[in-house]
There are 4 protein chains.
Amino acid sequence: MHVQGVLPILPTPFTDQGKIDEKSLRRLIDFELEVGVHGLSILGFMGEAHKLALEERRRVIATVVDQAGGRIPTWAGVRAFGAAGAIEQAREAQDLGVEAVFVAPIGVQNDSVLFEFYATVADALDIPVVIHDFPESFITTLSPELIATMAKEIAGVQYIKLEEQPVLVKLSTIRELAADHIGIFGGLGGEYFLEELQRGSNGIMTGFAFPEVLVGIYEAFRQGNEARAAAIFDHYVPLIRYEFQPKIGLAFRKFIYQRRGIIDSAYIRSPGRHLDERTQDELTALVRRVGLSVDQHGVQAVSA
Amino acid sequence: MHVQGVLPILPTPFTDQGKIDEKSLRRLIDFELEVGVHGLSILGFMGEAHKLALEERRRVIATVVDQAGGRIPTWAGVRAFGAAGAIEQAREAQDLGVEAVFVAPIGVQNDSVLFEFYATVADALDIPVVIHDFPESFITTLSPELIATMAKEIAGVQYIKLEEQPVLVKLSTIRELAADHIGIFGGLGGEYFLEELQRGSNGIMTGFAFPEVLVGIYEAFRQGNEARAAAIFDHYVPLIRYEFQPKIGLAFRKFIYQRRGIIDSAYIRSPGRHLDERTQDELTALVRRVGLSVDQHGVQAVSA
Amino acid sequence: MHVQGVLPILPTPFTDQGKIDEKSLRRLIDFELEVGVHGLSILGFMGEAHKLALEERRRVIATVVDQAGGRIPTWAGVRAFGAAGAIEQAREAQDLGVEAVFVAPIGVQNDSVLFEFYATVADALDIPVVIHDFPESFITTLSPELIATMAKEIAGVQYIKLEEQPVLVKLSTIRELAADHIGIFGGLGGEYFLEELQRGSNGIMTGFAFPEVLVGIYEAFRQGNEARAAAIFDHYVPLIRYEFQPKIGLAFRKFIYQRRGIIDSAYIRSPGRHLDERTQDELTALVRRVGLSVDQHGVQAVSA
Amino acid sequence: MHVQGVLPILPTPFTDQGKIDEKSLRRLIDFELEVGVHGLSILGFMGEAHKLALEERRRVIATVVDQAGGRIPTWAGVRAFGAAGAIEQAREAQDLGVEAVFVAPIGVQNDSVLFEFYATVADALDIPVVIHDFPESFITTLSPELIATMAKEIAGVQYIKLEEQPVLVKLSTIRELAADHIGIFGGLGGEYFLEELQRGSNGIMTGFAFPEVLVGIYEAFRQGNEARAAAIFDHYVPLIRYEFQPKIGLAFRKFIYQRRGIIDSAYIRSPGRHLDERTQDELTALVRRVGLSVDQHGVQAVSA
């Protein structure tokens, strides 16, 4: 039985000096729990995993697993140049209590190499592997056929975080080819969340900084109220669209989480973009326009 | 004084046998005039210019210029592997009555080569050059500094169609560096149209298949009614976002234009994606959800 | 029966003002005939075809065909953004008397799109199509399986100019899969010419500026004297290797052809690299080291 | 005072089961010492560093440093997705006794980001940093100007392993801009070793599997006997050229080292290319043609 729901991609909070801020991280977990998300996704691209030392990875994982206290599952990202490195990271995550790893492909455009990579990694683990299909960041393209074959033939490959554009047709194709051998999570900032659910996704893993909106859409949909799910989606899509701007999305999210009082600093490690004042004001005004607030602490009510 | 407004990127209508459909093209021009757009942009990426023979290019240009009858300006896209080819295409367009050309950069990532390319092309023409800044399709990246330098130092370089993500900060940077030496048009399916206007764009060149929405936003904004512009934008953004999906946008647009009775066939030349039935239904339902219709002919009313 | 031998890729000679230099071009053809090459390859990447207007393409083709006077075949390069443009160029070349066209793939990494592209182009012509397999310049990768399928199933696809590295294993694989359905020409500056012949190539299409060396190797090999072919190859490989440096090879070749009195100017259209004095001296000394001369006019003797 | 000479890039020997083969590694070090190389470069691309777990990296470094016993310096490669990971790897290498690290750039094409990356890494170390400039594998391009600035302004940046094609002009430009602030090592399989020395390189870091040839060229050159250096180079360049074929070079080298009795297995971790029989025979015959042998153990004599 596959995990379902909203598993937000969490940023990694730093202090203003660029050190990992464990206190903010714990506060962030508490907030997500309060929102009612169904799991936690850490150490993804938005989590600046590529900018952390391995020692820091370990600390982030241990902190999140500890703070979540087994109430919801924690999934962790894995990215390496080859299988040995990926296994090393994934086993470490497994030992620290993570319940699945989402694994970026290596940069070799060859189906049999990619199959072997995922098989080798999955076979070395006791927890499920989530294929991270995001060619825009990882370059490698995974065809629906390859994905379905891996889902069927590699026992440990059980999920995909699907982010190749255009995503909707690919989602339906994979669902058709792999049936229920695979759990499919959307990403892409939530821009296609509604249609993904309608096409049979299990939920979403994305970093949108008002996760209550994602949970609102998800719950309405699961309760069979598609019209309400659509109404919520349409209400907030001006913000979802804005926040999903490539290359600058992390800055939006850290800004919002900081302003909402959840993390202490919006610090981003190099290389990263920072928000100039005009953009901060633009974002703040847009948040207000959709009826939310960057200044109000705590979980906010979602409307349709 | 720079041109302003909505200059839709037009698809090139084909018959079901893949021949240029002049009748549909003339009907499309009539429709755009009825909508009240401020100019016409032909032979862009969405116009499948790269799939046309030069003889076909000429025919498209001549037909559009003839049908527009001087009521609004026609701009044409130019893309070649080098300056000599670009000049040849651009001069031909100029001779046929086009009032500006939007020119893709050559694929060489070197500022002085790019400057020389645009200078050589612009100097060979009597009509203005629009830089087409779209790295996702053309690979080449143009920095704000290079763009501003070209705008100031090359007399013929007068506009930019700006589509490098994230687009908003780049727009403001170019506006700051180049002041009014350049007219800036947005693209990207209109996803950031509202913010682009607020940051000083001249208008938009994009292929959204309900151009009445773009005109509605633009007119409200130019009349100083920003709240109404935002309200229209927010109302239709669920559709704008959906239609802008990478690699499949042209299929959406030809489907809509055909269903609206404006072009006879949704035929796309190879390589191109086609809409399966589920996607057609999804799109049709979404159009209805925002209060528009693919079944109703003629210009449709826009609401906020 | 496939064409065999040395079909040098010719540079396009310009005047010092960047105009096509027809006189030099005719002198170059005369020189190649005197050398005893087996065909002429024009308008390739090294021929700066991407920097020519179509009007200039026509003039180059007409001049070469006229000067060759039917004594050896002329093949011309074709590169466009889509099939319609490629057909337009190829038909024009055919009408001007060219005996085959070597056609670059379009930039879409999809086997069925590529098959359709080559089938469409080949079916529109009466002369054979040579697949130009050069991913380093054209990005697109063509698998041995796709190449063999095209060779067998598309009547007009009869040759390949093979330049994907590492080239030797690919050559043997294609030869095995396609048997004699395809004529294979090497390129890559001649760096693997000897091994290519040993593995069953038909000859070479490359721009090395002492084509007498290529003819020497080829003739020795065809006469069954492999040891002599190897000895010639080894004797000149220090120069072959040097001349084949990426991005600067054209400058080497125009420099040598000019110094040898064959073309009047080493002018290269932008973008292009030029040789500083040190590099000119280095090249000149190396030519001397292998027993050739840039200062001596006429065909030079080749030794082993 | 910069290190000079031949610092071969060593492969990482595996057993036939793909485990690190410490015995072969020690034998390889002994062989290189016997050859008379001037240093050892481990954990580069050819050393399959990207396919090792960190635990394996440590073991390779410790073994090599131990076996070298301080007689010649050991340099180790570092490659990570960000500065924190690079520092972690580099410090570990430093602590294990390595005397310099050659560091791949992160994949961000932005001069100030790259400067900051190298400055951050260098400032965290007590040993010198070697910039690894190899865009073909790492994508990122480093301009001569940026390289010279880093050499002058970052104390720890003291060397470059230069492999951007065409390499010779770039080498001279860097030498001119950075004067003696930087030690320059060639790579690229030794294809331009002679000219690199003539243009002021400090030596070479490459994996050519007859390092005695590289040492022969180097010693002749340093003794002022350029003619002899050239004669040795020309004698072996047919093999140097062949071995340097992209993507398959490692297979050539492991094959030769195994046949020479230096390592026990030619095993390559996935993804990697293996030599078919025909290619093995081709290589073996070529080695013989230049007067060397894959069957003879021990250092072989070099002739001119």
Problem - Answer from D:VAL121, D:VAL108 - the residue that is of a type outside the set (S, T, N, Q), surrounded by fewer than 24 Cβ atoms within 10 Å (Cβ to Cβ) and within 13 Å of chain A (Cβ to nearest Cβ) - result: D:VAL108
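Matching residues to (1) surrounded by 21 or more Cβ atoms within 10 Å (Cβ to Cβ); (2) of a type outside the set (D, E, K, R); (3) over 23 Å from D:ARG228 (Cα atoms):
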{"position": "D:GLU163", "(1), (2), (3)": "yes, no, yes"}
{"position": "D:PRO166", "(1), (2), (3)": "no, yes, yes"}
{"position": "D:ALA179", "(1), (2), (3)": "no, yes, yes"}
{"position": "D:ILE184", "(1), (2), (3)": "yes, yes, no"}
{"position": "D:GLY187", "(1), (2), (3)": "yes, yes, no"}
{"position": "D:TYR192", "(1), (2), (3)": "yes, yes, no"}
{"position": "D:LEU197", "(1), (2), (3)": "yes, yes, no"}
{"position": "D:THR206", "(1), (2), (3)": "yes, yes, no"}
Practice task
Spot the failing condition for A:HIS235; the list is (1) assigned to a loop (DSSP other than H, G, I, E, B); (2) over 21 Å from A:GLY47 (Cα atoms), and only one is missed.
Solution key: (1)
Practice task
Report yes if B:ILE217 is under 17 Å from the mean Cα position of the chain (by Cα) and within 20 Å of A:ARG288 (Cβ to Cβ), otherwise no.
Solution key: yes
Fill in the blank from the handout: Apart from one, (1) open to solvent by 50 Å² or more (accessible area, probe 1.4 Å); (2) more than 26 Å from D:ALA53 (Cβ to Cβ); (3) touching a Lys or Arg at 6+ places or on another chain (Cβ under 8 Å) all hold for D:LEU96; the odd one out is (2)
Exercise for the section: Specify which of the listed residues (B:ALA230, B:ALA251, B:ALA220) is touching a helix residue (DSSP H, G or I) at 6+ places or on another chain (Cβ under 9 Å), closer than 25 Å to B:ASP30 by Cβ and at the interface with another protein chain (Cβ under 10 Å from one of its Cβ atoms). Expected result: B:ALA251
Practice task
Any chance you could count how many residues in the range D:30-57 are in a helix (DSSP H, G or I) and in contact (Cβ under 8 Å) with a residue 60 or more places away in the chain?
Solution key: 5
Exercise for the section: For C:LEU7, indicate whether it is touching a Gly at 6+ places or on another chain (Cβ under 9 Å) and either within 21 Å of C:GLU243 (Cα to Cα) or among the charged types (D, E, K, R) (or both). Expected result: yes
Practice task
Please indicate, with yes or no, whether at least one residue in the range D:22-29 is in contact (Cβ under 8 Å) with a residue 12 or more places away in the chain, of a type in the set (Val, Ile, Thr) and closer than 21 Å to D:HIS297 by Cβ.
Solution key: yes
Completion exercise
Given (1) assigned to a loop (DSSP other than H, G, I, E, B); (2) surrounded by fewer than 20 Cβ atoms within 10 Å (Cβ to Cβ); (3) in contact with an Asp or Glu (Cβ under 8 Å, 6 or more places away or on another chain), A:GLY70 misses just (3)
Problem - Search result, residues across the range A:40-57 that are touching a strand residue (DSSP E or B) at 6+ places or on another chain (Cβ under 6 Å) and buried (at least 22 other Cβ atoms within 10 Å of the Cβ) - result: A:LEU40, A:SER41, A:ILE42, A:LEU43, A:GLY44, A:MET46, A:ALA49
Handout entry: Hey, B:ALA86 in contact (Cβ under 8 Å) with a residue 12 or more places away in the chain and away from every other protein chain (no Cβ under 12 Å) or not
Key = no
Exercise for the section: Consider A:GLU22 carefully, then state whether it is at negative phi and surrounded by fewer than 21 Cβ atoms within 10 Å (Cβ to Cβ). Expected result: yes
Practice task
For D:THR74, state whether it is of a type in the set (Ser, Thr, Tyr), within 12 Å of chain A (Cβ to nearest Cβ), under 25 Å from D:GLY190 (Cα atoms) and free of Cβ contacts under 8 Å to residues at least 60 places away in the same chain.
Solution key: no
Fill in the blank from the handout: Of (1) surrounded by fewer than 19 Cβ atoms within 10 Å (Cβ to Cβ); (2) part of a helix (DSSP H, G or I), C:PHE221 fails just (1)
Exercise for the section: Could you please let me know if C:TYR242 is at pLDDT 95 or above, within 28 Å of C:HIS50 (Cα to Cα), facing chain D (nearest Cβ under 10 Å) and more than 16 Å from the chain's Cα centre (by Cα)? Expected result: yes
Problem - C:ALA62 vs. criteria open to solvent by 30 Å² or more (accessible area, probe 1.4 Å), more than 11 Å from every other protein chain (Cβ to nearest Cβ) and not aromatic (Phe, Trp, Tyr) - result: yes
Completion exercise
Within the range D:73-83, the residues that are closer than 13 Å to D:MET205 by Cβ and either open to solvent by less than 20 Å² (accessible area, probe 1.4 Å) or charged (D, E, K, R) (or both) are D:THR74, D:TRP75, D:ALA76, D:GLY77
Problem - Filter result for C:GLN296 (in a helix (DSSP H, G or I), open to solvent by 40 Å² or more (accessible area, probe 1.4 Å) and among the polar types (S, T, N, Q)) - result: no
Problem - Any hit, the range D:26-44, residues being within 14 Å of chain A (Cβ to nearest Cβ) and either at pLDDT 95 or above or on the phi > 0 side of the Ramachandran plot (or both) - result: yes
Practice task
Please find, within the range D:244-293, the residue that is farthest from D:GLY47 (Cα to Cα) out of those that are open to solvent by 60 Å² or more (accessible area, probe 1.4 Å) and in contact (Cβ under 8 Å) with a residue 60 or more places away in the chain.
Solution key: D:ASP264
Completion exercise
With criteria (1) over 22 Å from A:GLU277 (Cα atoms); (2) surrounded by fewer than 24 Cβ atoms within 10 Å (Cβ to Cβ); (3) within 14 Å of chain A (Cβ to nearest Cβ), B:ASN202 comes up short on (3)
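Each row is one residue, and each column tells you yes or no for (1) touching a helix residue (DSSP H, G or I) at 6+ places or on another chain (Cβ under 6 Å); (2) among the hydroxyl-bearing types (Ser, Thr, Tyr); (3) touching a residue at least 40 places away in the same chain (Cβ under 8 Å).
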site: D:LEU114; (1), (2), (3): no, no, no
site: D:ILE131; (1), (2), (3): no, no, no
site: D:PHE134; (1), (2), (3): no, no, yes
site: D:SER137; (1), (2), (3): no, yes, yes
site: D:LEU177; (1), (2), (3): yes, no, no
site: D:GLY186; (1), (2), (3): yes, no, no
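The values are calculated or read from the model by the stated rules, or taken from the named source; none is laboratory data. Note that this is a predicted model, so its numbers are computed, not measured. Cβ coordinates were reconstructed from backbone atoms using ideal geometry, including for glycine residues, and neighbour counts include every protein chain displayed. The protein model used for the area step is the full one, side chains on, heavy atoms only, and it has no ligands, DNA or RNA in it. Shrake-Rupley method; radii C 1.70, N 1.55, O 1.52, S 1.80 Å.
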